[in-house]
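Peer 1: Below is one structure. I have some questions about it.
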Amino acid sequence: LLARSLLGAGRPHEVHEAIGQVIAAAPAGGNRPEVLRLKGVLAEAEYVRANLDEAAGLCRDLASASNLPAEDKARVRNTLGKVYLARGKYQEAERIFRDNLAKARKAGLDRHALISRINAGVARIRLLHYSSAKKLLVEALGEAVEKGFYREEAIARENLATVHHMLRDYGEAMEHYRAAFALLRYLGNPEYLARIANNLGEIYIRFGDVDRAGATRSFAMRMGAEHPVSRVEAEGLLLEGRIHLMQGNSGRAS
């Protein structure tokens with residue numbers, strides 16, 4: 001539980017260190033369910049740390065483990081799907097998520113089925129199929145709100161915002177970004193907060209509001225300092241460049 005809390009708070013390096021020590025202390029070839037479950041969390045941490053080969057290897061080993069609980073297998077399949085997303089293999093990722101959605105539903109694992117639905121929506125976004133992505137995410141958002149799954153609600157809203165952002169429906173995108181931001185600020189996750197702040201900044205740029213864009217960029221930098229190695233930094237640098245460009249065009253550059 002502690003490891004998952006650290007992972008949810010965007011602290012994968014601490015998870016890696018703590019779990020690595022426990023696994024190293026386990027008997028050689030240990031395959032007790034509790035050790036396998038820790039390996040599943042470690043796979044998630046390796047994914048977040050962008051160690052994709054390590055994450056994929058752990059996921060594949062765990063997928064064939066007969067004594068891994070169904071809930072943990074659902075987590076592992078979702079992690080493997082996210083590895084495929086990160087590698088740009090969007091169709092393979094969507095196939096994994098849809099398969100996991102069906103299996104999780106059959107096993108009565110509603111939260112994991114919901115996560116798979118959201119992730120399938122993300123795969124659709126990456127494939128530029130915005131209409132079908134929106135359908136999946138609207139369904140996921142409705143279910144998350146109904147069942148009180150706040151983290152999943154925030155992630156569904158963030159991805160819905162992305163769809164509207166790409167479709168240039170900036171007002172709708174901002175509403176979803178703001179709602180996701182409020183939820184994640186309550187739940188606590190520096191990386192997600194930094195990413196959403198950068199995205200909000202991009203919309204403020206679209207509206208010509210350089211002051212709010214600058215404020216959201218500053219917030220993203222503070223949050224990103226707690227999660228320094230991620231695509232958040234690159235997104236923030238792009239936003240910062242656009243802010244300076246706007247300031248220069250208006251004669252306000254320092």
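The values are calculated or read from the model by the stated rules, or taken from the named source; none is laboratory data. Being a predicted model, the structure only gives us computed values, none of them experimental. Cβ: placed from backbone, ideal geometry, glycine included. Neighbour counts: every protein chain shown.
Peer 1: Considering only region 129-148, I want to know if a residue exists there that is free of Cβ contacts under 8 Å to residues at least 60 places away in the same chain and either in contact with a strand residue (DSSP E or B) (Cβ under 9 Å, 6 or more places away or on another chain) or not in a helix (DSSP H, G or I) (or both).
Peer 2: yes
Peer 1: Answer with yes or no whether residue 234 is of a type in the set (A, V, I, L, M), at pLDDT below 85, part of a helix (DSSP H, G or I) and closer than 21 Å to residue 49 by Cα.
Peer 2: yes
Peer 1: Go through (1) farther than 22 Å from residue 202 by Cα; (2) loosely packed, with under 14 Cβ neighbours inside 10 Å and name the single condition residue 149 misses.
Peer 2: For residue 149, the failing item is (2).
Peer 1: Can you pull out every residue in region 78-104 that is free of Cβ contacts under 8 Å to residues at least 12 places away in the same chain and in contact with a Phe, Trp or Tyr (Cβ under 7 Å, 6 or more places away or on another chain)?
Peer 2: Residue satisfying the conditions is 92 alone.
Peer 1: In the list 93, 63, which residue meets the criterion of being aliphatic (A, V, I, L, M) and modelled with pLDDT of 95 or more?
Peer 2: 93
Peer 1: Give me the residue from region 170-220 that is among the polar types (S, T, N, Q) and assigned to a helix (DSSP H, G or I) and, out of that set, surrounded by the fewest Cβ atoms within 10 Å (Cβ to Cβ). Please lay out each step first, then the result.
Peer 2: As a first pass, look at region 170-220 and keep what is among the polar types (S, T, N, Q): 189, 198-199, 216, 218.
Keeping just the survivors that are assigned to a helix (DSSP H, G or I) gives 198-199, 216, 218.
Numbers: 198: 27, 199: 24, 216: 27, 218: 14.
Residue satisfying both the conditions and the ranking: 218.
Peer 1: Any residue at all in region 105-112 that is among the hydrophobic types (A, V, I, L, M, F, W, C), without any contact (Cβ under 8 Å) to a residue 40 or more places away in the chain and buried (at least 16 other Cβ atoms within 10 Å of the Cβ)?
Peer 2: So far as region 105-112 goes, yes, one or more of its residues are among the hydrophobic types (A, V, I, L, M, F, W, C), without any contact (Cβ under 8 Å) to a residue 40 or more places away in the chain and buried (at least 16 other Cβ atoms within 10 Å of the Cβ).
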